[in-house]
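Just so it is clear, none of the values below were taken in a lab; they were calculated from the coordinates. Since the model is a prediction, treat every value here as computed from it, not as a measurement. Reconstructed Cβ throughout: ideal geometry from the backbone, glycine too, with neighbour counts over all protein chains shown.
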Amino acid sequence: MPADLFETMRSTRSMRRLKPDPVPDAVLAQVLEAGTCAPSGGNMQGWRFLVVRDQAVKDAVAHWYRRGWHEIVGPRYRSAPPPPGSTPERQARLLEAAEHLADHIHEAPVWIIPCSSAPATRTSGASIYPAVQNMLLACRALGLGATLTTLYLLFEQEAEAALGLPEGVHSYAILPIGWPVGKFGPVRRAPLAEVVYQDRWGSAWQAPD
Ligand SMILES: Cc1cc2nc3c(=O)[nH]c(=O)nc-3n(C[C@H](O)[C@H](O)[C@H](O)COP(=O)(O)O)c2cc1C
């Protein structure tokens, strides 16, 4: 019996601590195929997926990811309040996990990098991120841990050069993937009442009892 989709969505968390054990190609193919099930504008399927296992490439890109975390994103998050639905303790755990990923992302056995040669705008992103979410859900369904990461884009040119992307091709994320060290658990989010409006901006939506 396949996993219930809603349960899968509710437990598709960022899994930042990964074992070095290899992910078989047949399993990875299931993840990539789920990505290509996603919609794209005009069904153009302009996405391209770079699978990276090469240690030298991962090491070179990880250098920029680490700098992005340690010099910019880490200090910024540490001085900000916890996000909606979180607590200072949970936020501290998240920062610890994010720092762990920053220091170990090159050890993830495989990365998927979704790319496109369309001009990088909201519209082009709208044809890439549905595939990304499908792949995250597929990873969860297969018991693989993954995280959508973009902070390496703080050093976009350097990181994309290290990835060897040709002129005009841009990456939209790095998904480090591997078998998770910890357990999957529920995602923490703000309640609907805080994020859904009815007819007018700011007017509360009446959730059913
Ligand atoms: C657009 C986007 C960019 C993100 N970039 C990073 C990143 O660079 N590094 C990281 O560790 N997590 C990154 N995340 C993961 C979020 O921090 C995570 O989804 C969020 O804290 C909620 O936690 P959860 O996924 O465990 O429910 C990103 C998520 C999104 C949607």
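Among 79, 14, 116, which one shows the biggest mean-square fluctuation in a GNM of the chain, springs joining Cα atoms closer than 10 Å?
Result: 79 has the largest fluctuation of those listed.
Taking the chain as a Gaussian network, where each spring joins two C-alpha atoms under 10 Å apart, which residue of 189, 48, 67 fluctuates the most?
Among 189, 48, 67, the largest mean-square fluctuation in the Gaussian network model of the chain belongs to 189.
Using a 10 angstrom cutoff on alpha carbons, build the Gaussian network for the chain and name the most mobile of 115, 139, 37.
37
Determine the relative contact order of the chain: mean sequence separation of Cα pairs under 8 Å and six or more apart, normalised by residue count, in whole percent. Working shown, then result.
Details: 302 pairs, mean separation 77.0, N = 209.
Over the chain, the number comes to 37 percent.
Counting only chymotrypsin sites (Phe, Trp or Tyr not before Pro) that are in a DSSP loop and have at most 16 other C-beta atoms within 10 Å, tell me the longest site-free stretch of the chain.
On the way: sites that count: 184, 201, 205.
My reading of the result: 1-183 is the longest stretch.
At a Förster radius of 35 Å, what calculated FRET efficiency corresponds to the Cβ-Cβ distance of residue 36 and residue 11, to the nearest 0.05? Don't skip to the answer; put the middle values down first.
Working: r = 23 Å, r/R0 = 0.67.
Here the calculated transfer efficiency is 0.90.
In Å³ and rounded to a whole number, note down the convex hull volume per residue for the Cα atoms of region 5-195.
On the way: hull volume 24.7 nm³, N = 191.
Each residue corresponds to 129 Å³ of Cα convex hull volume.
Rounded to the nearest 500 deg cm²/dmol, what is the calculated helix-only ellipticity per residue at 222 nm for the chain, with -39500 (n - 2.57) per DSSP H run of length n ≥ 4? Intermediate results must be reported in sequence, preceding the final value.
Working: 9 runs with 84 residues, N = 209.
Calculated mean residue ellipticity at 222 nm is -11500 deg cm²/dmol.
With unit charges on the beta carbon (Lys/Arg positive, Asp/Glu negative), name the residue among 118, 15, 28 whose Cα is farthest towards the positive pole of the charge dipole of region 5-195.
Of the listed residues, the answer is 15.
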